[in-house]
Amino acid sequence: MDPLEKYNARAKKVNSLLCVGLDADITKIPERFLKMEHPQYEFNKWIINETHVYTAAYKPNSAFYEARGDQGIKELKMTIEYLQKNYPDIFTILDSKRADIGNTNNGYAESTFDWFGFDAVTLNPYLGFEAISPFIGRKDKVSIILCRTSNPGSGEFQELNIDNKPLWQIVAEHSKAINENSNNLMLVTGATYPNEIIKLREVCGEMTFLVPGVGAQGAVLSDFIPQGLNKNKLGLIINSGRAIIFNDNPRLAAENTKNEINKLII
């Protein structure tokens with residue numbers, strides 16, 4: 001299957017553009033899981049079982065697992081194996097924002113795609129697209145390029161003007177050009193900057209965007225839906241993490257978020 005089509009197929013199957021961020025912060029997960037041998041994994045498994053019917057993708061951030069050393073890495077691996085065994089059609093993203101020279105990226109690509117088995121990874125393009133070619137060269141996987149991120153200070157560099165265009169637009173244009181040959185790129189563009197999402201849809205045509213910032217970061221869905229959708233009413237992977245996984249009822253939180261998104265798709 002085309003790596004981009006795995007997400008589209010799942011989104012159509014469950015009628016959802018929702019991505020749940022599996023950011024299993026050990027300091028925030030319920031106490032009952034802390035008593036278990038593998039607390040992050042058991043928490044993730046519970047979240048997955050509660051939310052999968054509403055979910056097109058899952059996105060763990062590697063930082064929450066790396067912080068626990070080999071135990072956290074083990075539990076991240078257990079999480080992806082659980083998804084592969086039980087819900088193999090759900091799209092999986094490792095949010096690790098890798099950025100290094102090409103030779104080193106060979107190792108990162110092998111770890112992310114071959115050992116963990118993720119479908120996609122987030123990448124920082126600051127070193128240039130040549131440097132991240134080991135990821136892009138994997139035609140069976142998806143490279144998600146940081147473009148316009150959701151954090152308040154993102155404009156420090158991303159808004160720098162180059163030939164009357166902001167840097168984030170330059171990144172988007174380069175990504176689109178490369179994607180015409182590779183057909184395995186997506187972009188990260190934060191929901192906290194909805195006007196940029198709408199502009200990126202104009203610039204990038206049918207490309208798919210990973211959209212963080214919904215939920216705890218306070219973005220408003222109606223500010224970028226439906227204008228951010230592509231012609232097939234797809235093209236968005238809308239991530240919500242803390243607002244779902246740390247909700248007293250994550251199943252209901254996921255269902256409500258999915259429904260809120262769908263009401264805006266016209």
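What net charge is computed for the residues neighbouring Ile93, neighbours being all others with C-beta under 13 Å from the C-beta of Ile93, Lys and Arg scored +1, Asp and Glu -1? Charge balance in the 13 Å sphere: +3.
Need one word for the range 144-237: rounded, prolate or oblate. Basis is the Cα gyration tensor (sqrt eigenvalues a ≥ b ≥ c); a/c below 1.5 gives rounded, then a/b vs b/c decides. In terms of gyration-tensor shape, oblate.
Note down the net charge around Gly228, summing +1 for each Lys or Arg and -1 for each Asp or Glu among other residues with Cβ under 14 Å from its Cβ. List each step's numbers first, then the result.
Numbers: positive: Arg148, Lys199, Arg201, Lys231, Lys233; negative: Glu196, Glu202, Glu206, Asp223.
Overall, the nearby charge balance is +1.
Lys-Lys pairs in the range 108-266 that are eight or more residues apart or on separate chains and whose Cα atoms lie under 24 Å of each other come to 18.
How large, in percent, is the carbon and sulfur part of the accessible surface of the chain at a probe radius of 1.4 Å? Taking all protein chains in place, the chain shows 49 percent carbon and sulfur surface.
Among the trypsin sites (Lys or Arg not before Pro) in the range 134-199, those located in a DSSP loop and surrounded by at most 11 other Cβ atoms within 10 Å of their own Cβ are Lys139. Solvent exposure of the chain amounts to 44 Å² per residue of accessible area, where only protein heavy atoms count and the probe is 1.4 Å. Note on the range 29-139: semi-axes of the ellipsoid equivalent to its C-alpha gyration tensor, largest first and rounded to whole Å, are 27, 16, 11.
Grab the DSSP H runs of the chain that are 4 residues or longer, score each as -39,500 (n - 2.57), total them, divide by all residues and round the 222 nm result to the nearest 500 deg cm²/dmol. Before the final figure, lay out each step's value.
Values: 12 runs with 112 residues, N = 266.
So the helix-based figure for the chain works out to -12000 deg cm²/dmol.
For the range 92-212, state what percent of all Cα-Cα pairs lands in each successive 10 Å bin, counting from 0 Å until the bin that includes the largest distance. Taking every Cα pair in the range 92-212, the percentages come to 14, 48, 32, 6, 0.
Positive-end ranking of Phe246, Asn86, Cys147 along the dipole of the chain, with charges on Cβ about the Cα centre, is headed by Asn86.
The values are calculated or read from the model by the stated rules, or taken from the named source; none is laboratory data. Keep in mind that what you see is a predicted model, and the values were worked out from it rather than measured. In this analysis, Cβ positions are derived from the backbone assuming ideal geometry, glycine residues included, and neighbour counts consider all displayed protein chains. Accessible surface is based on the protein model in full, side chains and every heavy atom, while ligands, DNA and RNA are left aside. Shrake-Rupley method; radii C 1.70, N 1.55, O 1.52, S 1.80 Å.
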